[in-house]
Structure formats: structure tokens, C-alpha cells
Amino acid sequence: MSPRIDAMEDIARGLAHLRQADARLAAVMERAGTVPLRRRAGGYQGLAEIVVAQQLSKAAADTIWQRLGERLDPIGPQAVLAAGEEELRACGLSRPKIRTLRALAEASAADFRFEALTELPAEEAIAAMTALHGIGRWTAEVYLLFCCGHADIFPAGDIALQNAVRHAFAMPARPGEKELRDIAASWSPWRGVAARLFWRYYAVTIRDATPTGAA
């Protein structure tokens, strides 16, 4: 059975494995310090929050999410479908994000089972999510990592992770998605802890503790 990331003890287990799997990661761990758990609630609301945060600073995403919470209480499929476009636009949402949130609400109303993603193998769960309108691989991977506790997912398309690995390994150029997936392959079955490690490393070495959009 694949490991899960549900508690700090799981982070510790993953880090111990990574230290043995790749000697380069010992220095990354020392520089990064404490690697946070970063678990969050799942379901429609958890995925909606990730969609809202796409390509935005944390401050901007938090502001929009707060406005949504004030207008839609709670933020859920029925409330989103009942809200008018201008009401959602007034919260700061772009039209593409509104379409995505509504499509996800319709999927939820049609019995898309978010909770079932927790039990699926990672690639099956990613395939199920990317079949939904507006959900790409990065969004699916971040949801599965932080909302479902999947332990063996590494969002190699994430720019912060690419920059963190380039910096940590003194690479001449930022690795692309395919190259980074190849690098991360040896960190299985704890690639999800490796992702958290490099996000933390990025925060303390490159962005001076400013969280990334996936944090």
C-alpha cells in the first residue's frame, strides 16, 4: 500500500527515506529547516480554493477567497451555481475561473466523488481530475498532495520547484517539467515530501519565506 501524508510523523518518515535515496538532499534539508505538513480540507471547497489561487499572489488570492466567503456562505456547489456572474466578478474572479468553478459545481452535483480520489492510485486520480473542465495537471497534483495526502506526487511543472532544484543542485539552467520528473523519480514513494521540502527551500533561499501559490 502506498504511503500517505497525514501528519508530521509522515513528513519525518519521508525525509528519512529521501536522505537515504539521494545524498544531495541532506544539504537541502539543512538549509530548508522544518518542512511543514500543509494539509487542507478537500472536496469542492478545497479544489475551488486552489483554482482561485492560480497565477495569483497569496495576498490577492486570500482577498478574493475572503470576498467569496462573505457573499457565499458557505462556498459550495449550490451557492456558486446560484450566484450571478457579476456577483462572482465583483469578488475578483476572472471569467475563466468562474467557468471552472461552475463546471466543478455541476460535476459535484452530478455525483463526482472528490473523496474517492484519496483511494485511487495517483495517476488514476490525476486522470479523473484533469477530465474536469479547467483542471490541469498542476491543479490536480496540488489538490491530491494537500487535500488528499497522496505521498508520491511531484508537480514538476511548478516554476518554484524548478527554480528550487536548479538553485539547490547548482544547475546551469532551470530544469523543464520532463527533466524535473526524471530527477524526482528516484525520490519515490515520497515525492510528495520532496515537493514540500523544495517549496520550503525555495521560500527560505529564493523568496525569503514568501509562500508559493501551492503553499
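The values are calculated or read from the model by the stated rules, or taken from the named source; none is laboratory data. Remember, it's a predicted structure, so these values are computed and weren't measured experimentally. Cβ coordinates were reconstructed from backbone atoms using ideal geometry, including for glycine residues, and neighbour counts include every protein chain displayed.
Being in contact (Cβ under 8 Å) with a residue 24 or more places away in the chain and either assigned to a helix (DSSP H, G or I) or out of contact with any Cys (no Cβ under 8 Å at 6 or more places or on another chain) (or both) holds for only one residue in Ile183, Ile135, and it is Ile135.
Within region 2-21, the set of residues being free of Cβ contacts under 8 Å to residues at least 60 places away in the same chain and over 11 Å from Val193 (Cα atoms) comprises Ala7, Glu9, Arg19, Gln20. Take the conditions (1) more than 15 Å from Gln45 (Cα to Cα); (2) of a type in the set (Ser, Thr, Tyr); (3) in contact (Cβ under 8 Å) with a residue 40 or more places away in the chain; (4) not assigned by TED's automatic domain parsing to the domain that holds Gly14; Ser108 misses just one of them, which is (1). Residues of region 69-91 that are more than 23 Å from Leu117 (Cβ to Cβ), in a helix (DSSP H, G or I) and of a type outside the set (Gly, Ala, Ser): Glu70, Arg71, Glu85, Glu86, Glu87, Leu88, Arg89. With respect to (1) surrounded by 15 or more Cβ atoms within 10 Å (Cβ to Cβ); (2) under 20 Å from the mean Cα position of the chain (by Cα); (3) at pLDDT 95 or above; (4) not in a helix (DSSP H, G or I), the lone exception for Thr34 is condition (1).
Exactly one residue among Pro155, Pro175 is surrounded by 16 or more Cβ atoms within 10 Å (Cβ to Cβ), in contact (Cβ under 8 Å) with a residue 24 or more places away in the chain, in contact with a helix residue (DSSP H, G or I) (Cβ under 7 Å, 6 or more places away or on another chain) and of a type outside the set (A, V, I, L, M), and that residue is Pro155.
For Leu88, indicate whether it is without any contact (Cβ under 8 Å) to a residue 60 or more places away in the chain, assigned by TED's automatic domain parsing to the domain that holds Ala48 and more than 21 Å from Arg39 (Cα to Cα). Yes, satisfied. Given the structure, is Thr130 under 21 Å from Pro36 (Cβ atoms) and hydroxyl-bearing (Ser, Thr, Tyr)? So Thr130 fails the test. For region 92-104, the set of residues classified as surrounded by 18 or more Cβ atoms within 10 Å (Cβ to Cβ), part of a helix (DSSP H, G or I) and not β-branched (Val, Ile, Thr) consists of Lys97, Leu101, Arg102, Leu104, listed by residue number.
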